[in-house]
Amino acid sequence: MPAPPYLAFKRSAQSQTREEKRRNDERERQLQQQLQEQRQYECIGSITYSLKQSKLRRYGEHDFYEHPQARMPLGDGRKSLVYRAALARYPAMLDCVVKVRSRGVENEAIRNDIACARLKLYFRREAKIWAKLGKANHPNILPILGYVARFESSIFPGLISPFYAKGNMYDYIHNWPDRQNGLWCPESVKLQLLCDLLNGLIYVHSKFIVHRDLKATNVLIDDNGVALLGDFGNSKFLVSVGEIPSSDPAPDDWTPPEYIRHDQVGYHSPTTEGDMWSFGCTFIEIIREQNPCYPERYPKNKIVSGHLPSQDRGDGHLMNDRYWSVISACFNKGGSPTGRISAQTALRLLQMLLSIRTLSDKAKELRVINPLAGGQFKTASDSLKLELYHAVAMERTQANAQKQKFVANLKRIGQSIFGY
């Protein structure tokens, strides 16, 4: 029996409504896809143009050999992934790493205009800063080799830098060869790495650039054991008049308290003094081989109130007073950030600490005692015995002089900073 006319008309209207809705949804989906493709095209074009402006060398996917570890990322940062690769068109085949944006960041950028603009800004800024620093061939700055338009499954370009088998400073310290035998990384090696880091930081600050993400995992160790400052993804030029300060997306244990206090506003002005706070935290991280706020993890309120980081690790073990004097000058807790010491001053103090530690280590290695007091030597001749003894005695005298000079400098710095 056929349906009544009014029911047939109603069903026909409903069918037309569903069909029209389906067509509208399909049209909306196609429009969104076109907008995403257009946004992706504009974003890639803008990033590629900024990379060309930085005069970095461009590589294609065909310039890379298939590396057995290329599919596995070496590191996973907040916004980036680092892959291992091998360049074919370099003067010789070179192991390298390619830094690309994480897939989540890329997908957000092609879906959202604000995220796309932010990604273009970050990429342009990192490429400009890294190219400016890396092309100078500074011995303590991670060099940049160029960029690749696309790498693996990434949509946006990637930045290329050399690969170093020793990894970052954190891994280098914790994977010391004799660590399994109870012999940790010597303090003289740690102090030398920190001096290398300060050398790189001094150069960065001389170019009116703030690193903003200083920590051991962002410092690489080359084949000669020299520290190279890298990861300029959060770096920024010093804020000029009329420029909007930038936000720190993810504060952590290395973040200066003045940056944390401005979380409610969401913005802060990056300063070189902020980098010195982060260096003080890195100093603790390297010497103790632990997180600077151990055993807690980012205790925001304690950092702002000045309770952490502290000389006491929490289990009664206090850091060396000479080391802590330098770290305290980097923090200047309770005072203005402008009262913190500069990277140049910190480097001079660390060099004195390093010379004292080196002389002390040499004296321990020689294990020489006074021959006039009946000591026994294992050398062949008495003249060599006396020569060794006088050499160690002279080194000890120099070490004492260095200690006195170091204490005098600390007192002078304390008077100028803390007023005592």
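Of note:
- Test result for L228, touching a Leu at 6+ places or on another chain (Cβ under 7 Å) and either of a type outside the set (G, A, S) or farther than 24 Å from F123 by Cα (or both): yes
- Residue in the range 336-349 that is farthest from S206 (Cα to Cα), counting only those that are under 22 Å from the mean Cα position of the chain (by Cα) and part of a loop (DSSP other than H, G, I, E, B): R340
A quick yes/no check of all residues on (1) in the same structural domain as K132 (by TED's automatic domain parsing); (2) within 16 Å of F151 (Cα to Cα); (3) of a type in the set (S, T, N, Q); (4) modelled with pLDDT under 70:
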{"residue": "E26", "(1), (2), (3), (4)": "no, no, no, no"}
{"residue": "R29", "(1), (2), (3), (4)": "no, no, no, no"}
{"residue": "T48", "(1), (2), (3), (4)": "yes, yes, yes, no"}
{"residue": "L51", "(1), (2), (3), (4)": "yes, yes, no, no"}
{"residue": "S54", "(1), (2), (3), (4)": "yes, no, yes, no"}
{"residue": "Y65", "(1), (2), (3), (4)": "yes, yes, no, no"}
{"residue": "A70", "(1), (2), (3), (4)": "yes, yes, no, yes"}
{"residue": "L94", "(1), (2), (3), (4)": "yes, no, no, no"}
{"residue": "S102", "(1), (2), (3), (4)": "yes, yes, yes, yes"}
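- Here L87 clears all of (1) at pLDDT 80 or above; (2) under 21 Å from the mean Cα position of the chain (by Cα); (3) not charged (D, E, K, R) except the condition numbered (2).
- K333 of a type in the set (D, E, K, R), at pLDDT below 85 and within 25 Å of the chain's Cα centre (by Cα): yes
- Close pairs from the range 308-331: first more than 21 Å from M352 (Cα to Cα) and in a loop (DSSP other than H, G, I, E, B), partner modelled with pLDDT of 85 or more and of a type in the set (F, W, Y), Cβ under 9 Å, at least 6 apart: P309/F331
- Qualifying positions in the range 170-187 - under 24 Å from the mean Cα position of the chain (by Cα) and of a type in the set (G, A, S): none
- Of residues in the range 261-287 being modelled with pLDDT under 90 and out of contact with any strand residue (DSSP E or B) (no Cβ under 9 Å at 6 or more places or on another chain), the one surrounded by the fewest Cβ atoms within 10 Å (Cβ to Cβ): Q264
- Residue check, M319 farther than 27 Å from S206 by Cβ, modelled with pLDDT of 75 or more and either outside the structural domain of L197 (by TED's automatic domain parsing) or aliphatic (A, V, I, L, M) (or both): yes
- Y294 vs. criteria surrounded by 14 or more Cβ atoms within 10 Å (Cβ to Cβ), at positive phi and without any contact (Cβ under 8 Å) to a residue 60 or more places away in the chain: no
The values are calculated or read from the model by the stated rules, or taken from the named source; none is laboratory data. As the structure is a computational prediction, the values presented were derived from the model and not from experiment. All Cβ positions, even for glycine, are placed from backbone atoms using ideal geometry, and neighbour counts span all protein chains on display.
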